[in-house]
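S.K.: Here it is: the structure, laid out below.
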Amino acid sequence: MMSRSYTNLLDLASGNFPVMGQPREKKRLPRVMTVPGVISELDDDQANSVASDVPSSIIQDRIIIVANQLPVKAKRRPDNKGWSFSWDDDSLLLQLKDGLPEEMEVLYVGSLKVDVDPSEQDDVSQLLLDRFKCVPAFLPPDILTKFYHGFCKQHLWPLFHYMLPFSANHGGRFYRSLWEAYVAANKIFSQRVIEVINPEDDYVWIHDYHLMVLPTFLRRRFNRLRMGFFLHSPFPSSEIYRTLPVREEILKALLNSDLIGFHTFDYARHFLSCCSRMLGLEYQSKRGYIGLEYYGRTIGIKIMPVGIHMAQIESVLRLADKEWRVGELKQQFEGKTVLLGVDDMDVFKGVNLKLLAMEQMLKQHPKWQGKAVLVQITNPARGRGQDLEEIQAEITASCKRINETFRQPGYEPIVFIDRPVSLSERVAYYSVAECVVVTAVRDGMNLTPYEYIVCRQGVSESESSSESSGSKKSMLVVSEFIGCSPSLSGAIRVNPWNIETTAEAMNEAISMADAEKQLRHEKHYRYVSSHDVAFWSRSFFQDMERTCKDHFRRRCWGIGLSFGFRVVALDPNFRKLSIDHIVSVYLRSKNRAILLDYDGTVMPQTSHNKTPSSEVISTINTLSSDIKNTVFVVSGRGRDSLAQWFSPCKKLGIAAEHGYFMRWSANDNWEVCGQNSEFGWKEIAEPVMKLYTEATDGSSIETKESALVWHHRDADPGFGSSQAKEMLDHLESVLANEPVTVKSGQFIVEVKPQGVSKGVVAEKIFTTMAESGSPADFVLCIGDDRSDEEMFEIISNAISSGVLSSNTSVFACTVGQKPSKAKYYLDDPAEVVNMLESLAEASDPEPFSDTRSEDSI
């Protein structure tokens, strides 16, 4: 039966889904566990959202690895009765176990490469679970086609490799039905994970672009689940990614992971840029770790290229059966210099560009005619489509033309192998190749150069010293657009689109002196041998442990619908402000201090008209007219606009420009609270700000009486942030000897006099009330941004210093669920106004008197 807790996610696709109820495995023992925490917006069945059907024999860490395909091979038995299964030794999922703790149990969830009849699925599932600890996800044929060959291969794969969907035949247009199938397939994977998971003990590691929305399904069910995601493909720049119609849904789904991994910094940088531009999230780097703050959770960003399985390749090198193949190849290419290419048949592998570069090299350097041979091994295509058919035709035509042009008796410059080649045969080709050439125009990683380096190193005990000496050199020509390129500093990097320079690089590689090849090879081998697949998986898992270490110490809420669902993680003492509770305390108190921020607190940040509504004016006027209340609006805005807006509120106190100007009521004069009234520093700061304003489109300068503020909210997010950091350094340098403070805030850089802050305002109000004989026994302080945190901090200091009594009822409240020094929160300005109206209804306003004694303030 389909879980109703997921219908909101599927509704996002706005389409009709086929029945996706899957037969459950037999011989299951039910078990229910309870996850600590609070999940809001529960659907009817989410009270049981932590149910699991498989018991854990002992409480120990276990990792569930989820990928599109399981690391097993399946074959139909000769009698056509049932299936036989074996491990796929070439699967990365199987190899990564080497880097995990020895005592850790590993469970796999994924699909099979073969179609299993529904009548056999129960038996196959039980067999794979019992013998291989694998849990198969069986996708209905119609969903599988649309999910894998449709959305994954026709849309995500091209887009993530920088191919825009200009036409239906180029890049793949977005079709809502394919997206629906992608969501449905991810849901089926999630159901299989949920059946076997122990949410308190297990880690979940999700792999690749096929399952990018799976984290939301799992996080919605288990809000404290320890979960990582690794993307094995490139992540495109924000200019490319933003063309995806479901761009925000996928980003938000990925952010439900605890750790997100990428092969290179470029891919991670593009992802972070998308989060900044589309979701307004900024990352921070602390002690070498990159983190994204997202609703109180820190999502780790891991940059670690995957490596190869050293033991597997070394074991193949030791196999005796490869010797005949090596000897055969040496005889075939005797007297020739072999360049080797090993690629999938894919539009992004640049195979035809490599052939054209080979042709150019033979033209430019005739000495290689009759001597240089390019052996191009091309594995069968995984996808399909017109683009692929066209590139296959181009490759065939190029091979034919080049061979016809440069063919000699016993010599053809291109040897094209268009069939699957086993690892042992690949190793044989690596052994005779003088250089490996990779000209992919975009590739997530590409491990061919790594395999080549290890094979050229050889295994010393199985080779003679002369052979060993001869094999321990290698050369690489690699595209600068592949993931392994940054780690191969000794390779000749090329732009594969530039045929001439690629041809020259190939010539340079095979012409280089042996001593130089030896040095480059040794450098590469040291890196490849130490950064193998075990190192990669160990590093990722350790970072996942570190990122998740506080999961069970924090209070969590699940909020939002569809792919807007996220988990908010906050301090255990942080809770929503109860209106009934604060009203009851308000009625019992006699001396109340109420401090209100303006923008983002009683006025929405997104509002273009910043004038307070009549309801806000009336509510604040009622509160300030109560003789028991001392009410202040504490804002960064100028005193003139605040005084004009709140002119009906005669007894309202106003602290303008973060407290530089302050008055206790409409009849009182403005006090200057800053330590210095000299503003000569403006003549230094303003020209600097103007310089950056002219260079940053969308920025502006706000001139206040006591401060200068540079705004970049409307500038390009990346450039505006970069300019703000540069300006901050520039201003701190030129104003080092001036009595001012330079601070950055949300889309601003502000210069203001020293000793001016909202915290100082709060302290002055509390001190004045205490000195007048009426110390506050009730404090309500509400704000939404960084400057308001200073007020929250002062409140706790005032209690410890005795300015406020330890019996004072304190309600420090931030707007929005986010990390704060406040202990309470309200969701938005509308809730703030609603709460203030409740307090106003409980107030006892008295007529305002024009005379106010000095000692009362």
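S.K.: Restricting to the range 788-842, name every residue that is of a type in the set (Ser, Thr, Tyr), within 27 Å of ILE617 (Cβ to Cβ) and open to solvent by 20 Å² or more (accessible area, probe 1.4 Å).
M.R.: Initial filter on the range 788-842 (of a type in the set (Ser, Thr, Tyr)): 796, 800-801, 805-806, 808-809, 814, 820, 824-825, 838.
If we keep only those that are within 27 Å of ILE617 (Cβ to Cβ) too, we end up with 809, 814, 824-825, 838.
Listed by number, the residues that qualify are SER809, TYR824, SER838.
S.K.: Right, here's the next one. Quick one: TYR452 ticks every box in (1) at pLDDT 90 or above; (2) open to solvent by 20 Å² or more (accessible area, probe 1.4 Å); (3) in a helix (DSSP H, G or I) except a single one, so which number is it?
M.R.: All conditions pass for TYR452, except number (2).
S.K.: Consider the range 621-645. How many of its residues are over 22 Å from GLU790 (Cβ atoms) and surrounded by 19 or more Cβ atoms within 10 Å (Cβ to Cβ)?
M.R.: Counting residues in the range 621-645 that are over 22 Å from GLU790 (Cβ atoms) and surrounded by 19 or more Cβ atoms within 10 Å (Cβ to Cβ) gives 8.
S.K.: Would you mention how many residues in the range 225-258 are in a loop (DSSP other than H, G, I, E, B), of a type in the set (A, V, I, L, M) and in contact with a Lys or Arg (Cβ under 8 Å, 6 or more places away or on another chain)? Lay out the reasoning, then the answer.
M.R.: Let us first name the residues in the range 225-258 that are in a loop (DSSP other than H, G, I, E, B), namely 225, 231-237, 242-246, 255-258.
So of that shortlist, the ones also of a type in the set (A, V, I, L, M) come out as 225, 231, 244, 246, 255.
Subsequent filtering for residues that are in contact with a Lys or Arg (Cβ under 8 Å, 6 or more places away or on another chain) retains 225, 255.
Matching residues across the range 225-258 total 2.
S.K.: Over 24 Å from ILE188 (Cα atoms), open to solvent by less than 20 Å² (accessible area, probe 1.4 Å), touching a residue at least 12 places away in the same chain (Cβ under 8 Å) and within 27 Å of the chain's Cα centre (by Cα) - does that describe any residue in the range 70-88?
M.R.: Scanning the range 70-88, I find no residue that is over 24 Å from ILE188 (Cα atoms), open to solvent by less than 20 Å² (accessible area, probe 1.4 Å), touching a residue at least 12 places away in the same chain (Cβ under 8 Å) and within 27 Å of the chain's Cα centre (by Cα), so the answer is no.
Residues checked against (1) among the charged types (D, E, K, R); (2) within 17 Å of ILE299 (Cβ to Cβ); (3) surrounded by fewer than 21 Cβ atoms within 10 Å (Cβ to Cβ); (4) in contact with a strand residue (DSSP E or B) (Cβ under 6 Å, 6 or more places away or on another chain):
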| site | (1), (2), (3), (4) |
| --- | --- |
| ASP202 | yes, no, no, yes |
| HIS210 | no, no, no, yes |
| HIS232 | no, no, yes, no |
| SER237 | no, no, yes, no |
| ARG247 | yes, no, yes, no |
| LEU251 | no, yes, yes, no |
| PHE262 | no, yes, no, yes |
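S.K.: How many residues are assigned to a helix (DSSP H, G or I), open to solvent by less than 60 Å² (accessible area, probe 1.4 Å), without any contact (Cβ under 8 Å) to a residue 40 or more places away in the chain and farther than 13 Å from VAL688 by Cα if we restrict to the range 711-750?
M.R.: 1
S.K.: Moving on to the next point. Quick check on the range 76-84. Is at least one of its residues polar (S, T, N, Q) and modelled with pLDDT of 95 or more? Walk me through it before giving the result.
M.R.: As a first pass, look at the range 76-84 and keep what is polar (S, T, N, Q): 80, 84.
Filter once more, keeping what is modelled with pLDDT of 95 or more: none.
Scanning the range 76-84, I find no residue that is polar (S, T, N, Q) and modelled with pLDDT of 95 or more, so the answer is no.
S.K.: Let me ask you something else. Would you check if TYR162 is surrounded by fewer than 20 Cβ atoms within 10 Å (Cβ to Cβ), touching a Lys or Arg at 6+ places or on another chain (Cβ under 9 Å) and of a type in the set (Phe, Trp, Tyr)?
M.R.: yes
S.K.: Hey, another quick one. Could you go through the range 259-275 and let me know if any residue there is in a strand (DSSP E or B), β-branched (Val, Ile, Thr) and under 21 Å from SER233 (Cβ atoms). So that I can check it myself, show each step before the final result.
M.R.: So the first thing to find is which residues in the range 259-275 are in a strand (DSSP E or B), and the list is 259-262.
Retained after the next criterion (residues that are β-branched (Val, Ile, Thr)): 260.
Going one step further and asking which of them are under 21 Å from SER233 (Cβ atoms), we end up with 260.
Yes, the range 259-275 contains a residue that is in a strand (DSSP E or B), β-branched (Val, Ile, Thr) and under 21 Å from SER233 (Cβ atoms).
S.K.: Give me a count of the residues in the range 458-503 that are at pLDDT below 95, open to solvent by 30 Å² or more (accessible area, probe 1.4 Å) and part of a helix (DSSP H, G or I).
M.R.: 9
S.K.: What are the pairs, 6+ residues apart or on separate chains, where a residue within the range 402-426 that is under 22 Å from TYR450 (Cα atoms) has its Cβ under 6 Å from a residue that is of a type in the set (A, V, I, L, M) and modelled with pLDDT of 95 or more?
M.R.: Once the first residue is under 22 Å from TYR450 (Cα atoms) and sits in the range 402-426, its partners that are of a type in the set (A, V, I, L, M) and modelled with pLDDT of 95 or more give ILE417/ILE377; VAL421/ILE377.
S.K.: Hey, another quick one. What is the number of the single condition among (1) of a type in the set (A, V, I, L, M, F, W, C); (2) touching a Ser or Thr at 6+ places or on another chain (Cβ under 9 Å); (3) part of a helix (DSSP H, G or I) that PHE138 does not meet?
M.R.: (3)
S.K.: Okay, next question. Against the condition within 21 Å of GLY280 (Cβ to Cβ) and either surrounded by fewer than 19 Cβ atoms within 10 Å (Cβ to Cβ) or free of Cβ contacts under 8 Å to residues at least 12 places away in the same chain (or both), how does ASP668 come out, does it pass? First the steps, then the outcome.
M.R.: Working: within 21 Å of GLY280 (Cβ to Cβ): no; either surrounded by fewer than 19 Cβ atoms within 10 Å (Cβ to Cβ) or free of Cβ contacts under 8 Å to residues at least 12 places away in the same chain (or both): yes.
In short, no.
The values are calculated or read from the model by the stated rules, or taken from the named source; none is laboratory data. Keep in mind that what you see is a predicted model, and the values were worked out from it rather than measured. Quick reminder, even Gly has a Cβ in these numbers, built from the backbone with ideal geometry, and neighbours come from all protein chains shown. What goes into the accessible areas is simple: the full protein's heavy atoms, side chains included, and nothing from ligands, DNA or RNA. Shrake-Rupley method; radii C 1.70, N 1.55, O 1.52, S 1.80 Å.
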